[in-house]
Amino acid sequence: MSKAGIIGFGRFGSFWATVLSHGYEVYGYNRSAPQNPPCPMVSLEELCALPVIFLCVPMRTVPEILAKIAPMLKPGTLVVDTCSVKMEPVRWMQEALPETVDILATHPMFGPESAKEGLSGLPLMMHPVRMNHDQYAEWSHFFSSLGIMVVEMTPEEHDRQAAMSQALTHMIGRTLNAMGVEETPIGTLWYRKLLAICKQVARDSPELFLDMQTLNPHAQSMRDSFSRAWDDVCRSLTDPDNRG
């Protein structure tokens, strides 16, 4: 069985280890020892000797991690990021990693909560930044074999679409949580679905939300559009000419 390593064992890293274990012998590294890790933990030097390394660390720490591992990587090693934003992490990897190291950009659009009912139909964005076709096809086939829906997309297109889907969803959830929305016995089905979004985004770290909003070059435009649309809808309540 081929081997793969994971750097970063928060909620997502631990979850991702279980996903990869369906086809790979997985090893992990974390700065502090995680409780009940789903795979053997090794030193950073040992992990960097593996043929494939997944980065499951907070986005803001990726440059620091790349600087540490770059001198340890063998030619032909594949480094895979799993960040929620793609353009900046891809640029970081291209700048920090030797040209002899392969690069695959991915964004699993799901996590442990979303995958409770299984992986079937859940989307995974992939883009071969610097790797051969056969290697890319191998990983695409592996994820597809688990029922995951592989979506090939450029980092630029990913960030544009993610700003209007994931970043917007988190913005709405965080805003409603700040309002203090609560469950009510007369809540409609759609209100309960809205509360489910609030609970989901509350499980994610503030750092993830901040990085998602500040490192995606399209997120500011999304927030501006949302603010204008909100103002338009509010004005329509008192101005009949603005009612659509």
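The values are calculated or read from the model by the stated rules, or taken from the named source; none is laboratory data. These numbers come from a predicted model, not from an experiment. All Cβ positions, glycine included, derive from the backbone under ideal geometry; neighbour counts span all protein chains shown.
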Any residue at all in the range 154-163 that is β-branched (Val, Ile, Thr) and surrounded by fewer than 17 Cβ atoms within 10 Å (Cβ to Cβ)? yes
Give just the number: which of (1) among the hydrophobic types (A, V, I, L, M, F, W, C); (2) under 18 Å from the mean Cα position of the chain (by Cα); (3) surrounded by 20 or more Cβ atoms within 10 Å (Cβ to Cβ) does LEU119 not satisfy? (3)
Considering each residue of the range 54-79, count those that are among the aliphatic types (A, V, I, L, M) and under 22 Å from PRO206 (Cα atoms), and give that number. 5
Can you find, within the range 35-79, the residue that is farthest from GLY13 (Cα to Cα) among those that are in contact with an Asp or Glu (Cβ under 8 Å, 6 or more places away or on another chain) and part of a helix (DSSP H, G or I)? MET72
What residue, among those in the range 44-98 that are touching a Lys or Arg at 6+ places or on another chain (Cβ under 9 Å) and of a type in the set (A, V, I, L, M, F, W, C), is nearest to SER32 (Cα to Cα)? LEU44
Residue match in the range 211-227 (condition: within 30 Å of LEU20 (Cα to Cα) and hydrophobic (A, V, I, L, M, F, W, C)): yes
Verdict on ILE103 being more than 30 Å from LYS193 (Cβ to Cβ) and not in a strand (DSSP E or B): no
Could you please let me know if GLY180 is on the phi > 0 side of the Ramachandran plot and touching a residue at least 12 places away in the same chain (Cβ under 8 Å)? no
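Yes/no matrix, rows are residues, columns are (1) within 29 Å of THR77 (Cα to Cα); (2) among the small types (Gly, Ala, Ser); (3) in contact with a Phe, Trp or Tyr (Cβ under 7 Å, 6 or more places away or on another chain):
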position: VAL129; (1), (2), (3): yes, no, no
position: TRP139; (1), (2), (3): yes, no, no
position: SER165; (1), (2), (3): no, yes, no
position: ALA178; (1), (2), (3): no, yes, no
position: CYS198; (1), (2), (3): no, no, no
Of the residues ALA162, ALA137, only one is in contact (Cβ under 8 Å) with a residue 60 or more places away in the chain and among the small types (Gly, Ala, Ser); which? ALA162
Can you tell which of ASP231, ASP239, ASP134, ASP159 is under 23 Å from GLU113 (Cα atoms) and of a type in the set (Asp, Glu)? ASP159
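Per-residue answers, yes or no, for (1) of a type in the set (S, T, N, Q); (2) loosely packed, with under 14 Cβ neighbours inside 10 Å; (3) in the same structural domain as GLU88 (by TED's automatic domain parsing):
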| residue | (1), (2), (3) |
| --- | --- |
| ALA167 | no, no, no |
| HIS170 | no, no, no |
| MET179 | no, yes, no |
| THR188 | yes, yes, no |
| ILE197 | no, no, no |
| GLU207 | no, yes, no |
| ASP211 | no, no, no |
| ASN216 | yes, no, no |
Failed condition for ARG11, given (1) surrounded by fewer than 16 Cβ atoms within 10 Å (Cβ to Cβ); (2) more than 20 Å from PRO206 (Cα to Cα); (3) not polar (S, T, N, Q), with all others met? (2)
